Structure formats: structure tokens, C-alpha cells
Amino acid sequence: CRTHQRFQTRTIETDHDQFLNALLTGNKREAHRIADLYSSSNDEIKLLYEQVIKPALYKVGEKWENNLISVAAEHLATSISEMVMNDLFEQIISLERKNNKVLLACVENEYHQVGIKMIGDMFEMHGWDTYFLGANIPTRDLIDYAIDNEIELIGLSISIYFHFDKLIEMIKAIQAELPNALILVGGQAFTHGGKDYLTPFKRVLFIEDLNQLDSFIKTFEKP
């Protein structure tokens, strides 16, 4: 892969370690420097998201869960990551638009929205219209918005394992009023298991990473 060859001399692992350190020390300039190394193409940006930013934030979350860093440090790491992604958005958004729409949100009581922003950026790369509702969206509001805008593809993100009950409640509520909707689900919570929670549901698809999402979008796209 040409993209991977481009980084062999430096290694993605080194970039990940340096990005993680930048997040933990609040070094915005260093975080942007590393992100700029991946700004030449959408494939590189996907690599940045999947192998640098995402695992770095997972480690930040683990440190917070184990009381190794403060809530303030965790929030700052999230804020820096979002700033980096926002700066890349102008390049990411495709000028060739599709007649496809996707609604994206975090599960109720979830406040970690970087992952679902990555999902939105992937859809934008492929020319979709994305409707990003962000963190802690009430289920009723999400359903009403989906109905009003005739959206049949919904992406939900869950970061904390103990919120699976709320995820299941949301899926049931969505399917009760939007039985034809396809629901994509993913997030850090699944690193501890939980895919079996989705087994009873039809039209619910677990998305493990951005590579799987990329393949899904390409096969979903209309000719």
C-alpha cells in the first residue's frame, strides 16, 4: 500500500505515541503537526483517524477510568482531537454529492463524540449528506428528526460499557417507529464485548472500524 509505504521510515506507532503525549500534555501545536503529516489524501486521513487518533483517545479513556488522569485532562485531549479533525474537514468533504443521507449521534448519556465525528467524516468523503446530532441526544428528538428528514440510515456511538441498556432502548424505540431504518452501531464500549447484545435485532449492523465502514459505504452507494 502506497500510503503505508509513505510512513515506513517514521512508523505509525511513533506518530501514535507522539500524538498521545501531545494530548496528555495539552500540546495543540504538536498534535496539529502530526496530523499535517497525514493530510495529503483521504486515505491518509483515514489512517490518521484509525491508527493514531482513535487508539490514542482509547488510551486516554483507559487512563481516566483508572484514575490516572483527571476529567479536565481527558476533556482537553478530546477537545484537541476535535480541533485537529475540524481543521481537516475542508479537505475531507467531497464536491461530488450523492443522493444519500445519514443521521449520526451518540447514545443518550454518552458525551464522547469524537468517534461518531470520524464516522461522519467518512461518509462526507464519499459525498453523503451527514446530519450530526452529537453527544447525549434524546431518543425522541433523534427519531423525530429522522422522520422529518426522511432518513433511513442511522449511526449510533457508545463509548461506555455500562450504557448498553440505553443503546438497546434506543434501538427498540427507533425500530418501533422506523422499521425500515438501517442502524449502524460502534464505539469503544465494544472493546469489552457486547456484540451479542445486537444479535436479536434485524437491520442493526456492528461497525468495528473505519476500514469496515469504508467497505460498507462503497457497497451501499447507488450506481
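Quick rundown of the values:
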quantity: Selection count where residues are under 19 Å from the mean Cα position of the chain (by Cα) and either over 17 Å from THR199 (Cβ atoms) or of a type in the set (S, T, N, Q) (or both), scope region 163-179; calculated: 2
quantity: Among residues of region 179-193, those that are outside any strand (DSSP E or B) and either of a type in the set (D, E, K, R) or within 19 Å of TYR111 (Cβ to Cβ) (or both), counted; calculated: 6
quantity: Conditions (1) open to solvent by less than 80 Å² (accessible area, probe 1.4 Å); (2) of a type outside the set (Ser, Thr, Tyr); (3) at pLDDT 95 or above: number failed by GLY61; calculated: (3)
quantity: Filter pass, GLU96 being over 17 Å from LEU153 (Cβ atoms) and crowded, with 22+ Cβ neighbours inside 10 Å; calculated: no
quantity: Subset of region 150-166 [open to solvent by less than 10 Å² (accessible area, probe 1.4 Å) and among the aliphatic types (A, V, I, L, M)]; calculated: ILE151, LEU153, ILE154, LEU156, ILE158
quantity: The lone exception for ILE147 - which of (1) among the aliphatic types (A, V, I, L, M); (2) over 25 Å from THR191 (Cβ atoms); (3) crowded, with 18+ Cβ neighbours inside 10 Å it fails; calculated: (3)
quantity: Test: residue in region 84-91 that is under 15 Å from the mean Cα position of the chain (by Cα), surrounded by fewer than 14 Cβ atoms within 10 Å (Cβ to Cβ) and not charged (D, E, K, R); calculated: yes
quantity: Sole exception among (1) touching a residue at least 24 places away in the same chain (Cβ under 8 Å); (2) of a type in the set (Gly, Ala, Ser); (3) assigned to a helix (DSSP H, G or I) for ALA176, by number; calculated: (1)
quantity: Long-range neighbours under 9 Å by Cβ, at least six apart or interchain, first residue open to solvent by less than 80 Å² (accessible area, probe 1.4 Å) within region 197-221, second among the polar types (S, T, N, Q); calculated: PHE201/GLN175; VAL204/GLN175; PHE206/GLN212; ILE217/ASN100; GLU221/ASN100
quantity: Inter-residue pairs, beta-carbon under 9 Å, first modelled with pLDDT of 95 or more and in region 16-27, second surrounded by fewer than 21 Cβ atoms within 10 Å (Cβ to Cβ) and outside any helix (DSSP H, G or I), 6+ apart; calculated: ASN21/ASN27; LEU24/ILE69
quantity: Region 48-58: number of residues that are modelled with pLDDT of 95 or more and either over 20 Å from ASP15 (Cα atoms) or among the hydroxyl-bearing types (Ser, Thr, Tyr) (or both); calculated: 1
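Conditions tested, residue by residue: (1) on the phi > 0 side of the Ramachandran plot; (2) under 14 Å from the mean Cα position of the chain (by Cα); (3) surrounded by fewer than 16 Cβ atoms within 10 Å (Cβ to Cβ).
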residue	(1), (2), (3)
HIS16	no, no, no
LEU24	no, no, no
GLU30	no, no, no
ARG33	no, no, yes
GLU65	no, no, yes
GLU110	no, yes, no
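The values are calculated or read from the model by the stated rules, or taken from the named source; none is laboratory data. Since the structure is predicted, the reported quantities are computational estimates derived from the model, not experimental observations. Using ideal geometry, Cβ is built from the backbone for each residue, glycine included, and neighbour counts are taken over all protein chains shown. Surface areas here come from the heavy atoms of the whole protein model, side chains and all, with no ligands, DNA or RNA. Shrake-Rupley method; radii C 1.70, N 1.55, O 1.52, S 1.80 Å.
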